[in-house]
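Below you'll find the structure, written out as structure tokens, and then a few comments.
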2 protein chains.
Amino acid sequence: MLPSWSESASRSSVLAFLDAASEIPPSERIAVFDNDGTLWCEKPEYIQLEFLVDRLRAAVARSPELAGREEYRALLAGDSTAVGEMGLQRVATALLELCADITPEAFDRTVREFFAAARHRDHGVPFRQMRYRPMLELIGELRAREFSVFVVSGGGTEFVRAIGDDFYGVPPQNVLGTEVEYRLDRSTGAVRLLRTNNVAGPPNEGAVKITGIHRMIGRRPVFAAGNSAGDAEMLEYAAAADGGLAVVVDHDDADREYAYASVAGSLDDTEPILETAARHGWTVVSMADDWRRVFDHDEARHG
Amino acid sequence: MLPSWSESASRSSVLAFLDAASEIPPSERIAVFDNDGTLWCEKPEYIQLEFLVDRLRAAVARSPELAGREEYRALLAGDSTAVGEMGLQRVATALLELCADITPEAFDRTVREFFAAARHRDHGVPFRQMRYRPMLELIGELRAREFSVFVVSGGGTEFVRAIGDDFYGVPPQNVLGTEVEYRLDRSTGAVRLLRTNNVAGPPNEGAVKITGIHRMIGRRPVFAAGNSAGDAEMLEYAAAADGGLAVVVDHDDADREYAYASVAGSLDDTEPILETAARHGWTVVSMADDWRRVFDHDEARHG
């Protein structure tokens, strides 16, 4: 079981949770996973941002004048200082305009086309191969125990939905992220939805993840995994359930992935997640020490 | 199949849809049902309003001064003219205060206790027996064909969730209704949610049902059933799907249920649903003619 996990305290804690799962009523077996940095790699850039910049390049190829817009110019130049100064929110909002006025189905196709062609810039593999193999094994074990598995992402709901089934076996109704507003359109006859460039409410991070989980699932999860301060409340919520387990991924593996301190995409001045985890006694997974493989393309380590 | 349905055009249309379901990919077999007046009886009063008035009586027993408040006074006196003049929204908001500052779990228990004791004022039976038997049969047939069944109600999400599994076999994550806001509370140590008396966004009626369906399910349903103008957009949305079916319940049975023209709880100046249905060619179910039984306690009619 969990062959990509080394013998370690974190693996023991996960196994103990799985062993005790039969004591949880099946309807309460709800597991929630953050996505970026928890199920797949978020470095050197969020994959969704890579997608949006890809969309930007396609838009500029059609309408070169777009390249003059401040947010777009910084993105195309790869000027991360300028992007950082403008803030992810402002940049993301500008990029959302590139996906406005299309149906969810058309957006879905666009995302799938991106994933079919794109490669991770450092690893040179399709992004599907940037999923963490140990987490896929864990999802499999949870599902074998009749858990309902949900992805609760700070990223866009529709973006994650487009790949959720193929990447994680998670259907659209089990994906909750940051949502855009839609508008009804009847201009082609039958009623349909069209994306707008407005984000519907605050980004799905921090306390918003808890209220979103309640809104969508209606039950308190007994398992949560995350990697940044944007997941702290969700982890706290699951850990406080009877027999609940909270798992935090520590990105300390510069060789096979990246070594960095995770931060929430949209939250400032939050406690570093490893400090929160230590304070609460959550299970921390060291990528370097606790995972024999991170990706399929890694050679397995002994341990 | 569908033993409580008479031989009729509406039954034939439902059977044709069920026969063709095998042509729909399983992941797209999404069916949505309105609740009040579609799955259970909504007369002489919405069952949720009966519940809230029950809560009001309990609150007045503890704090008699509450009876002086205008909305409460009208409700306790059964003064439907005064209630109508204040509007359902104002009255419901006042009643929501009685359920504020408790956890979703405590609210859930309160709703279950109500259903265990309460009786329908005209039929004298528990509200569970006020479910429409033909609709339960239809849900069973859909589920036998691997449909995911969702309840999309104008009523409160948590109220319907409390009975969804027992009444319809629908788990909490498949219930979407009008939502209250929650707040995080740590006063007892572990983090938890507490209900507020604020409704989160507009009531779940009309176009809001479509955007809510997209938000929660992420797919366009291929089947929808409703009974009022508050369901019109949802019905239109499902009917426009490939092979989609929209079913409208016509309350024309004064003998076994009630004869009335359905209206949306919160929408004014909308087209009567039977006119909308006729314009679009949707399937209209006459309770009087098309259902051999409405409730379990009815004797079956031949036909």
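The values are calculated or read from the model by the stated rules, or taken from the named source; none is laboratory data. This one's a predicted model, so the numbers in the text were calculated from it and none came from an experiment. Cβ: placed from backbone, ideal geometry, glycine included. Neighbour counts: every protein chain shown. Side chains included, ligands, DNA and RNA excluded: accessible areas come from the protein's heavy atoms. Shrake-Rupley method; radii C 1.70, N 1.55, O 1.52, S 1.80 Å.
What to note about this one:
- Relative contact order of region B:157-210, pairs being alpha-carbon contacts under 8 Å that are 6 or more residues apart, as %: 28
- Gap separating the Cα centres of region B:231-303 and region A:144-196, nearest whole Å: 30
- Residue order for A:Arg186, B:Arg131, A:Arg219, B:Arg57 - accessible surface, 1.4 angstrom probe, largest first: B:Arg57, A:Arg186, A:Arg219, B:Arg131
- For chain A, the longest principal axis of the alpha carbon atoms and the long axis of helix A:207-216 meet at an angle near 90°.
- DSSP-defined beta bridges in region B:224-303 - what % are antiparallel, rounded to 5: 10
- Long-range amide H partners of B:Phe150 with built H, under 5 Å: B:Ala31, B:Val32, B:Phe33
- Both radii are taken from the alpha-carbon atoms of region B:158-297; with Rh as the Kirkwood radius, Rg/Rh is 1.04.
- Cα gyration tensor shape of the protein assembly as shown, rounded if a/c is under 1.5, else prolate or oblate by comparing a/b with b/c: prolate
- Closest approach to the A/B rotation axis among chain A Cβ atoms, residue and whole-Å value: A:Met216, 3
- Pairwise Cα distances in region B:133-201 exceed 20 Å for 43 percent of all pairs.
- Whole-number Å³ per residue for the convex hull built on Cα positions in region B:1-141: 167
- Just so you know, the Cα atoms of region B:92-149 work out to an Rg and Dmax of 16.0, 43 Å.
- Charge context of A:Gly218, other residues only, Cβ under 12 angstrom, K/R +1, D/E -1: -2
- By average C-beta atoms within 10 angstrom, highest first, the peptides B:225-232, B:254-261, A:242-249: B:225-232, A:242-249, B:254-261
- The calculated P(r) of chain B, using every Cα pair and 20 Å bins from 0, goes 33, 58, 10, 0 in percent.
- Quotient of C-alpha Rg and 2.2 N^0.38 Å, computed over region A:240-290: 1.26
- Using a 7 Å Cα-to-Cβ projection, A:Leu136 label spacings across copies, nm, ascending: 4.5
- Size of the B/A contact, given as accessible area buried on both chains, probe 1.4 Å, in Å²: 2600
- Model label sites at B:Arg256 and A:Asp54, defined 7 Å from Cα along the beta-carbon direction, differ in position by 5.6 nm.
- Taking chain B and dividing mean pair separation by its residue count, relative contact order in percent (alpha carbons under 8 Å, at least six apart): 23
- Accessible area (Å², 1.4 Å probe, nearest 10) - B:His123: 50
- For region B:84-113, the residues whose backbone nitrogen is under 15 Å from a point 7 Å from the Cα of B:Arg121, taken along Cα to Cβ, are B:84.
- Each copy carries B:Arg73; placing its label point 7 Å along the C-beta direction from Cα gives inter-copy distances of 6.6 nm, listed from smallest up.
- Between B:Ser10, A:Phe51, A:Leu184, the Cα set farthest toward the positive side of the dipole of the protein assembly as shown (charges on each charged residue's Cβ, about the Cα centre) is that of B:Ser10.
- Annotation: the antiparallel percentage among DSSP beta bridges lying fully within the protein assembly as shown is about 30.
- Principal-axis tilt of helix B:104-117 within chain B, Cα atoms, nearest 10 degrees: 70
- Nearest 10 degrees, 0 to 90: helix A:47-62 Cα axis against chain A principal axis: 10
- Working value for region A:30-88: equivalent-ellipsoid semi-axes of 27, 14, 9 Å, each the square root of 5 times a Cα gyration tensor eigenvalue, largest first.
- For region A:96-213, Kirkwood radius (reciprocal of mean inverse C-alpha pair distance, Å): 15.9
- Per-residue SASA entry for A:Asp289, accessible area with 1.4 Å probe, Å² rounded to 10: 110
- The same position B:Ala261 in the other copies lies at 6.7 nm from this copy, comparing label points 7 Å beyond Cα toward the beta-carbon, shortest first.
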